[in-house]
1. Read through the list (1) surrounded by fewer than 13 Cβ atoms within 10 Å (Cβ to Cβ); (2) more than 23 Å from the chain's Cα centre (by Cα); (3) among the charged types (D, E, K, R), then give the number of the only condition that Asp92 fails.
2. Got a sec? Which strands (runs of 3 or more DSSP E) wholly within the stretch 225-294 have at least 1 residues that are more than 13 Å from Leu331 (Cα to Cα)?
3. Among the residues that make up the stretch 87-95, is at least one of them over 21 Å from Gln189 (Cβ atoms) and within 15 Å of the ligand (Cβ to nearest atom)?
4. Mind counting the residues in the stretch 313-332 that are crowded, with 16+ Cβ neighbours inside 10 Å and touching a helix residue (DSSP H, G or I) at 6+ places or on another chain (Cβ under 8 Å)?
5. Of the residues that sit in the stretch 178-203 and are in contact with a Phe, Trp or Tyr (Cβ under 7 Å, 6 or more places away or on another chain) and part of a helix (DSSP H, G or I), which one is farthest from Glu37 (Cα to Cα)?
6. Does any residue of the stretch 45-62 turn out to be at pLDDT 95 or above, more than 24 Å from Leu207 (Cβ to Cβ) and surrounded by fewer than 13 Cβ atoms within 10 Å (Cβ to Cβ)?
7. Go over the candidates Leu55, Leu33 one by one and state the one that is aliphatic (A, V, I, L, M), away from the ligand (no atom under 11 Å from the Cβ), touching a residue at least 60 places away in the same chain (Cβ under 8 Å) and within 22 Å of Pro227 (Cβ to Cβ).
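The values are calculated or read from the model by the stated rules, or taken from the named source; none is laboratory data. Nothing here was measured: the structure is a model prediction, and the numbers come from that model. Positions of Cβ are backbone-derived with ideal geometry, glycine not excepted, and every protein chain shown enters the neighbour counts.
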Amino acid sequence: LRQSALESMTPAVSLRSVSRHFGQVRAVDAVNLDIAEGEFFALLGPSGSGKTTCLRLIAGFEQPTSGAVVIFGEDATRVPPYRRPVNTVFQDYALFPHLNILDNVAYGLMVRGEKKAARHQAAEEALSLVALGGFAGRKPSELSGGQRQRVALARALVLKPKVLLLDEPLGALDLKLREQMQSELKALQRRLGITFIFVTHDQGEALSMADRVAVFDRGHIQQIGAPQDVYDRPETPFVADFVGSSNVLPSNMVEQLAGQSVPASLRPEQIRLTDTDGKLIGNVIGSAFLGAANRIELDVGGVRLSVLLPKTAAVPDLGSLVNLTWDDGALHVMRGEHV
Ligand code: ATP
């Protein structure tokens, strides 16, 4: 029911066959995308895959070479950034060092011509939203990285955008703080009900925060889906490899195993070692202790596979042969190579 309700609504943002070429570089190439109102949507991909350009096209900082950007049902392709119901939180936060936190947050309202009392009140509300109520008088240099990140968020939220664009919002934070801010951001988005579109190259971040993820590769979207779909049912070898480092079994191996001449993905955590009735035999060529588990690397007739072993399981010796098995359904067949 929820899915059909989403489909019947006007999307918050649509890209209709949008391309942005820089000379010979096809940064974004014929991308189609519908993002529903209230969604937390991730643009995920490696460096240079076109996600930031996509975000800038939605913001209006970039013009498409062809195609249309539609925001809440209206063609916004030629609408300047400041007239779109969209705000951006930049990776470096772009705070003014000489202004205190309150004035940083109130800045956009000042540009809009709001009176001082009104903009200070709105800025204080935005600061309490991000749990920085007591910090209004400080300068940016007197805050931690995570607090600065929240100021940047408050500064965008005070303008009451319908869509918030976030470019690698947690990129400047250390791992621990990143994880904490991931759940804070998600909770904030749920509370406000605003559409969040964020760019990341970190698959863990995309999977943990987003309602849906678009996986980018060289200017194309390879797959769009819920985190669980993209992780469990990657449609292409690129997605299988990029989202969670799956093993990619070549088509001739899959033909032997499943009678279908297509490549397939198999997650390292779904493979088990067995004493009898193995589906494949592998030669142990490496192992690594990961803290919560062990990973072993295998050579299976020239194909390299990773297997994640529970910490309690014995790690086989280098050079030994092991039998591998997995549950029915773990092997996920994909469409062709790259799109
Ligand atoms: P990153 O994570 O490194 O920011 P990205 O996925 O966001 O990467 P983009 O920044 O969108 O990728 O860049 C996509 C491609 O377009 C890259 O090859 C980049 O060099 C190129 N590109 C982006 N902006 C410009 C520009 N203004 N002029 C020329 N080429 C550009």
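1. Unmet for Asp92, out of (1) surrounded by fewer than 13 Cβ atoms within 10 Å (Cβ to Cβ); (2) more than 23 Å from the chain's Cα centre (by Cα); (3) among the charged types (D, E, K, R): (2).
2. 272-274, 280-289
3. There is at least one residue in the stretch 87-95 that is over 21 Å from Gln189 (Cβ atoms) and within 15 Å of the ligand (Cβ to nearest atom).
4. The qualifying residues number 4.
5. Per the criteria, the residue is Gln203.
6. no
7. On inspection, the qualifying residue turns out to be Leu33.
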